[in-house]
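See structure below.
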Amino acid sequence: MGDQKEIFFHVGLGKTASTYLQYSFFPKLTNIRYFQRSKYKRFHSIIERTNYTRYFFSREFDRQFEREVRKIANYYPQAGIIVILRRHDSWMASQYRRYVKNGGAKSFEDFFRLEDDNGLWQTRDVYFYPRLQLLQELFSKKPLVLFHDDLKKDAYNFFDRITHYLGAEYDKQKVSLDPVHKSYNTKQLLVIRKISKYLFSDKKKKSNSSSPFVNYVRFRSKWLLCHLILYVSLLLPKRWTPQEDLVSAESLARVREFFEDDWQQCVDFEKSFSA
């Protein structure tokens, strides 16, 4: 039944304005049935049990990317895939900010260790072009590749490219360009990183319990404590907060240079699609 329907997935990447698109733009689309990210896990049952003409699911992935796109392709190899890329240095800086916000205490250089590839993230997690090759291998329809910077430069042109690919429409007057939520500032992140060294160090981490309820309570407790620290940090005088960069410009320059060839391959891939 699924092969008689037009099916589309936005699969990320994460930290490329996914939340904004999921809540401020995708729901405004017409001529297609959009399902919010909370419905993604049930995409197959939804498609098989309903009878819409066009389906559109969104769920952003990072290191889960290959596993999830293979799952989609197993059911719907004819699906259209939308993926959004961000320059590697900017993307990793944003991933690191999320890590720190959630109680991470490592420096950026230990979070992503280019010199020995032994950080929390490895280089294999950051290459983009192999993911585009995978999409081309798994799906009969060529993916739509977009760049995060283009959304900031010309949002409506960015939206137009999505709607053209989906065969959908939207009313510009109904789409707000305001961000869904603002990121935490550097001061807040420096404070929580310093405190996290004592509260959430690796040595103090407890293994996951077999009880989902216990794991949920642990997760929510940490989440609440992190947000309390982030809020209180706003009230601290500047002299009480660390005076340093969260991520050095030199570290980001090394990331950008390391992945320059990968980025250019992605740019060339997108150009071949647009030609």
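Can you pull the Rg over Rh of segment 97-234, Cα-only, Kirkwood?
On the way: Rg = 20.3 Å, Rh = 19.1 Å.
Over the Cα atoms of segment 97-234, Rg/Rh equals 1.06.
Where does helix 249-258 land angle-wise versus the long Cα axis of the chain, in degrees 0 to 90, nearest 10?
40
Only Cα pairs under 8 Å and at least 6 apart count here; give the relative contact order of the chain as a rounded whole percent.
On the way: 320 pairs, mean separation 69.0, N = 275.
That works out to 25 percent.
Between their Cα atoms, which of Lys5/Lys153; Lys141/Lys172; Lys172/Lys238; Lys71/Lys172; Lys39/Lys141; Lys28/Lys197 are more than 31 Å away from each other?
As for pairs spanning more than 31 Å Cα to Cα, those are Lys5/Lys153; Lys172/Lys238; Lys71/Lys172; Lys28/Lys197.
Angle, helix 129-138 long axis vs. longest principal axis of the chain, Cα atoms, 0 to 90°, nearest 10?
30
Using the eigenvalues of the Cα gyration tensor, what equivalent ellipsoid semi-axes result for the chain when each is taken as the square root of five times the eigenvalue, whole Å, largest first?
Ellipsoid semi-axes (Å, largest first): 34, 22, 20.
Take Glu109, Glu270 and order them by how many other Cβ atoms sit within 10 Å, fewest up front. Let's see the in-between values first.
Numbers: Glu109 15, Glu270 19.
Ranked by crowding around the Cβ, least crowded first: Glu109, Glu270.
Give the separation of the Cα centroids, segment 1-65 to segment 79-158, in Å.
Measuring centre to centre over Cα atoms gives 19 Å.
Taking a ≥ b ≥ c as the square roots of the eigenvalues of the Cα gyration tensor of segment 87-140, is the shape rounded (a/c under 1.5), prolate (a/b larger than b/c) or oblate? Please report the intermediate quantities before stating the final value.
On the way: a/c = 2.90, a/b = 2.00, b/c = 1.45.
The shape class here is prolate.
Relative contact order of segment 1-103, please, whole-number percent, based on alpha carbon pairs below 8 angstrom and at least 6 residues apart. Mind showing how you got there, number by number?
Details: 116 pairs, mean separation 46.1, N = 103.
The normalised contact order for segment 1-103 reaches 45 percent.
Please report, in Å, the Rg and the Dmax of segment 107-169, where both are computed over Cα atoms only.
Rg, Dmax (Cα atoms, Å): 16.6, 48.
Indicate the gyration tensor shape class of segment 160-274 (rounded, prolate or oblate), computed on the Cα atoms with a ≥ b ≥ c the square roots of the eigenvalues: a/c under 1.5 is rounded; otherwise a/b larger than b/c is prolate and the rest oblate.
Working: a/c = 1.78, a/b = 1.54, b/c = 1.16.
Here segment 160-274 falls in the prolate category.
About the Cα centre of the chain, what is the dipole size in debye to 20, counting +1 per Lys and Arg Cβ and -1 per Asp and Glu Cβ, all else neutral?
On the way: 48 positive and 32 negative charges, 334 e Å.
Result for the chain is approximately 1600 debye, rounded to the nearest 20.
What residues of segment 103-129 lie in the reach of a label at Glu257, counting those whose backbone N is under 13 Å from a point 7 Å from the Cα along Cα→Cβ?
Residues 115 qualify, since their backbone N sits under 13 Å from the label point.
At R0 = 51 Å, how high is the FRET efficiency between Ser45 and Glu244 if r is their beta carbon distance? Nearest 0.05 is fine. Write out the running numbers ahead of the final one.
Working: r = 50 Å, r/R0 = 0.98.
Efficiency, rounded to the nearest 0.05: 0.55.
For every helix of n ≥ 4 consecutive DSSP H residues, a contribution of -39,500 (n - 2.57) applies; sum these over the chain, divide by its total residues, and give [θ] at 222 nm rounded to the nearest 500 deg cm²/dmol. Write out the running numbers ahead of the final one.
Numbers: 11 runs with 125 residues, N = 275.
The helix contribution divided over the chain gives -14000 deg cm²/dmol.
Which percentage, to the nearest 5, of the DSSP beta bridges contained in the chain is antiparallel? Write out the running numbers ahead of the final one.
On the way: 1 of 16 bridges.
Taking every DSSP beta bridge within the chain, about 5 percent pair in antiparallel fashion.
Report the Stokes-Einstein translational diffusion coefficient (µm² s⁻¹, integer) for segment 48-129, Rh taken as the Kirkwood radius over Cα pairs, at 10 °C with viscosity 1.306 mPa s.
Numbers: Rh = 15.3 Å.
So the translational diffusion coefficient is about 104 µm²/s.
Specify, per residue and in Å³, the volume enclosed by the convex hull of the alpha carbon atoms belonging to segment 1-154.
Output value, Cα hull per residue: 123 Å³.
Compute the helix-to-body angle for 65-75: its Cα long axis versus the longest principal axis of the chain, expressed 0 to 90° and rounded to tens.
20
Here, each number is a calculation from the coordinates, and none is a lab measurement. In this text, all values refer to a predicted model and were calculated from it rather than measured experimentally. A quick note on method: Cβ atoms are made from the backbone with ideal geometry, for glycine too, and the neighbour counts reach across all protein chains shown.
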